[in-house]
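This report concerns only the one structure given below.
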Amino acid sequence: MKSRSLFVTKPYNYELKEIDMPEIEQDECLLQIICCGICGYDLEISGYLADNPTALGHEYVAKVLKVGGAVTNVKVGDQVTAESCMACGFCDDCRNGRPDLCQSTPKKNIWNNYAQGFADYTIAPAKALVVCNDLDPMDAVLSEPCGVSLDLVKTADLDLTDDVLIVGQGPIGSMALQIAAHKTVGKIYVVDRHEKRREIALKNGASVVFSSMDDIGEVKFNKVLLTAVPELLPECINHTKFGGYVCFLGSNFKTGGVVAIDTHQVHFNKLQLRASHASPAMYFPQVHKLLKTKAVKSETIITHVYKLEEYEKAFGELLHNKDNAIKVVIKP
Ligand SMILES: [Zn+2]
Ligand SMILES: [Zn+2]
């Protein structure tokens, strides 16, 4: 069986190849891709991590075409989303009720190097798949990044009346805003340098929006959620109330991620720095419900949809048109 599959071959150089699909193993499924979102991590891989051809696309929705003999959790015809990294279920952390801490994640996962989500077909271990037959694929396609946003909001442990600052309104920040708006009656301030993203944030529950951290003035918040570059961490600390939490996720492979912070400020203000890292990818059933009920509105996040053969344009939107592009989805 043949499939088209998109590879990054050298920095920001993409190539659509025709490949032969392997046979599925007992615990795997053959999937037909319905759609797949481009993740910020795909851009990081494209720019800094690609020294040999790498297949791309982990935020996919797919239809199950074939299941291996040992598969019990999905059946042919099901629509599924895929966990980008699974908990093992057997280690001490998993058994102690903290699968989020699992570091024995299964070696067999959705990250193969022949065809992932930017392809006609892929193969995935059934264990990674979560059925979502009642979801519109354009909602379901946000499942994996929405899980990242949900992990960030859970990390912030929002209280009913917390005032919150969310820095960055890419897909993760935008979905974190929508989830946070359901968890606190406090004010939610948002910072993003792109005008369109600020307009959308106001529709999604932000009380006030700013184009720069400098414009916030002296206002401080119970919880600050950073979804932009880690270099903004010191300014986030400046805007956190006594006893508050600064929660952050995101990487910057270009700068290496090293940031200097004032530890006295953290210590004397009893601040907590909390990192969110949604690996293992979790909470898909909650995420499906958030997307199904429109608590998280995919139409405010997905700005562009392209066909697989239009991959240059699709990646170009995110690389060169950040004012307008938020989430770009590719449909084979
Ligand atoms: Zn992703
Ligand atoms: Zn485990």
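Each value in this text was obtained by applying a stated rule to the coordinates, not by laboratory testing. Keep in mind the model is a prediction, meaning the values are calculated, not measured. Neighbour counts are summed over all protein chains in view; Cβ atoms, including those assigned to glycine, are modelled from backbone coordinates with ideal geometry.
What order, most packed first, do the peptides 114-120, 193-199 have when packing is the mean number of other Cβ atoms within 10 Å of each residue?
114-120, 193-199
I want to check the label-to-label distance for Glu309 and Ala70. Put each point 7 Å from Cα in the C-beta direction and report it in nm to one decimal.
That separation, rounded to one decimal, is 4.0 nm.
Relative contact order of the chain: what whole-number percent is it, with Cα pairs under 8 angstrom and at least 6 residues apart?
18
In the chain, which helices (entire DSSP H runs) extend 15 Å or more along their own long axis, judged by Cα positions, while averaging at least -0.5 on the Kyte-Doolittle scale?
143-156
Using label points projected 7 Å from each Cα along Cα→Cβ, tell me how many nm separate Phe242 and Thr255, to one decimal.
3.1
Taking K and R as +1 and D and E as -1, what net charge do the other residues with C-beta under 9 Å from the C-beta of Ser84 add up to?
-3
If r is the Cβ-Cβ distance from Asn269 to Leu101 and R0 is 22 Å, what FRET efficiency results, to the nearest 0.05?
0.20
Cβ under 15 Å from Val130's Cβ, Val130 left aside: what net charge do those residues give with Lys, Arg +1 and Asp, Glu -1?
Local net charge: -1.
Explain nothing, just the number: relative contact order of segment 149-275, from Cα pairs under 8 Å at least 6 residues apart, as a whole percent.
Once divided by the residue count of segment 149-275, the mean separation gives 24 percent.
Using helices alone, I'd like the mean residue ellipticity at 222 nm for the chain: each DSSP H run of four-plus residues gives -39500 (n - 2.57), total over residue count, nearest 500.
-6000 deg cm²/dmol
Give me the distance in nm between label points sitting 7 Å out from Cα along the Cα-to-Cβ direction at Glu44 and Lys17, one decimal.
2.5
Over the chain, what is the percentage of antiparallel beta bridges among all DSSP beta bridges, to the nearest 5?
Roughly 55 percent of the beta bridges in the chain run antiparallel, per DSSP.
Where does each of 161-170, 244-253, 307-316, 294-303 land if you order them by average Cβ count within 10 Å, highest first?
161-170, 244-253, 294-303, 307-316
Using 0.36 nm per residue, how much length does the chain from His277 to Met1 gain when fully extended, once their Cα-Cα distance is taken away?
Full extension of this stretch gives 95.7 nm more.
Kirkwood Rh over alpha-carbon pairs of the chain, then Stokes-Einstein at 25 °C and 0.890 mPa s: what D in µm² s⁻¹, rounded to an integer?
120
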